[in-house]
1. Check the range 179-197 and report whether any residue there is closer than 28 Å to Tyr99 by Cβ, free of Cβ contacts under 8 Å to residues at least 60 places away in the same chain and either acidic (Asp, Glu) or in contact with a strand residue (DSSP E or B) (Cβ under 9 Å, 6 or more places away or on another chain) (or both).
2. Would you point out which residue out of Glu123, Glu141, Glu181 is farther than 19 Å from Met5 by Cα and at pLDDT below 95?
3. I'd like to verify a number: residues in the range 39-59 that are outside any helix (DSSP H, G or I), crowded, with 24+ Cβ neighbours inside 10 Å and either touching a residue at least 60 places away in the same chain (Cβ under 8 Å) or not β-branched (Val, Ile, Thr) (or both), how many?
4. Could you tell me which residue of the range 60-72 is surrounded by the fewest Cβ atoms within 10 Å (Cβ to Cβ), considering only residues that are part of a loop (DSSP other than H, G, I, E, B) and acidic (Asp, Glu)?
5. Could you give every pair whose Cβ atoms fall below 9 Å, whose first residue belongs to the range 87-107 and is modelled with pLDDT under 95, and whose second residue is small (Gly, Ala, Ser) and crowded, with 18+ Cβ neighbours inside 10 Å, counting only separations of at least 6 or pairs across chains?
6. Please verify whether Pro70 is assigned by TED's automatic domain parsing to the domain that holds Gly17 and more than 21 Å from the chain's Cα centre (by Cα), treating the condition exactly as stated.
7. Name the pairs: first residue in the range 126-137 and closer than 10 Å to Thr160 by Cα, second residue of a type in the set (S, T, N, Q) and at pLDDT 95 or above, Cβ to Cβ under 6 Å, at least 6 apart or on different chains?
Amino acid sequence: MYSRMLGKTGLRVSEIGFGTIPILKGSVPVLPDYYNLEEEEALSVMEHAFRLGCNLYDTAIVPEYGDAEPKVGKFARRVGRERLILSDKARFYDGNEMYQAVQTSCGHLGTYADLYFVHQVDEEHEDIVFGPGGALDALTELKAEGLVRFAGIASHYYDTLLRGAKDSRVDVLQGSGNVLERGMLDRIREEPLFLEKGFLVNKVYAAGILPSFFSVSTLLQTVLSYPVSCVLVGIGTKEQAKAAMGWDTRKGQGKVPSFEEVLSVLEKDYEPIPCDRCQRCRCPYGTEIHTVFRQYQYYFLGKEYWALRKLDLGIEESAGHCRKCPKAVCMEACPRGIRIPDEIERVWRLVRERL
């Protein structure tokens, strides 16, 4: 396992980081049905990854991530806290709530957090997070108190991450991307401000979908080809740890496929929408076009019921807006020339037929 610098933090992190969702136990919203690890089994999997060279373990606050924090804390005490970088996060935007959340997290961990992120920041809550008395101010205060070493923003939205890249209070960022949804990573590579921050990437397997279509090494090599610090992978078994971490990323296992080559693989199973989620398109009616297209792709890639239910939450209204929109300004911003109104209509027909 090779390591990279985490921005200007002075920390070196393993290229592949350990995502802790699969080691959870119990009834937890984010828990996949096929995992439910008891404590000792979870510790054994984490230790196996550690022996393969992994030193960054990413978790989130109880109860959203179940018992992950206590398990990570026990693991840190077992192998030596000073040998690990612990990354944690909470979905609280107000400063008072974030301050309490970090204290709770550190209690579960039994130690401080190296990195602590405001989790899933979006446009609706962005001004609260970055504003006076917001979560970012709280993390700055907690850094001074020693409970957090570095403050971060985690988001699925490029504009939010760019705002974090411009903010001196932010040390690290966490965003999503993979071999298919690479548009945001392309934009990050083009913007020098991001080089000032440590950057972690999640959703590399796209909720476990993509390894059915591409090798693990291809998925990881693609994201590692960008100027990021660490790729986070959900690990639930020793076999998964070995697949993600037990190979030489420098020697390579084949070239990084182009976006067009990725589409050609997927075309064997369905007709993909050629959207890489660059997020340049803006709908005047508020439809998150890239998110609609993502759920459409996921429906055909193995998340049928989940994706269809997500689409059903607003696709009929979105299709209605597209039909009456006189300018289709979204198409003007799309670098791939997607006929967005036609594709929205296609997604609406799919939902209507299948539900």
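The values are calculated or read from the model by the stated rules, or taken from the named source; none is laboratory data. Remember, it's a predicted structure, so these values are computed and weren't measured experimentally. Please note: Cβ atoms are built from the backbone with ideal geometry, for glycine as well, and neighbour counts cover all protein chains shown.
1. The answer is yes, given that some residue of the range 179-197 is closer than 28 Å to Tyr99 by Cβ, free of Cβ contacts under 8 Å to residues at least 60 places away in the same chain and either acidic (Asp, Glu) or in contact with a strand residue (DSSP E or B) (Cβ under 9 Å, 6 or more places away or on another chain) (or both).
2. So the residue among Glu123, Glu141, Glu181 that is farther than 19 Å from Met5 by Cα and at pLDDT below 95 is Glu123.
3. Looking only at that region, the number is 4.
4. By that ranking, first place goes to Glu64.
5. Pairs that qualify, where the first residue is modelled with pLDDT under 95 and the partner is small (Gly, Ala, Ser) and crowded, with 18+ Cβ neighbours inside 10 Å: there are none.
6. Yes, satisfied.
7. Glu126/Thr160
Quick grid of which residues meet (1) buried (at least 18 other Cβ atoms within 10 Å of the Cβ); (2) among the aliphatic types (A, V, I, L, M); (3) farther than 17 Å from Phe117 by Cβ; (4) in contact with a Lys or Arg (Cβ under 7 Å, 6 or more places away or on another chain):
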site	(1), (2), (3), (4)
Ala76	yes, yes, yes, no
Gly80	no, no, yes, no
Tyr93	yes, no, no, no
Glu97	no, no, no, no
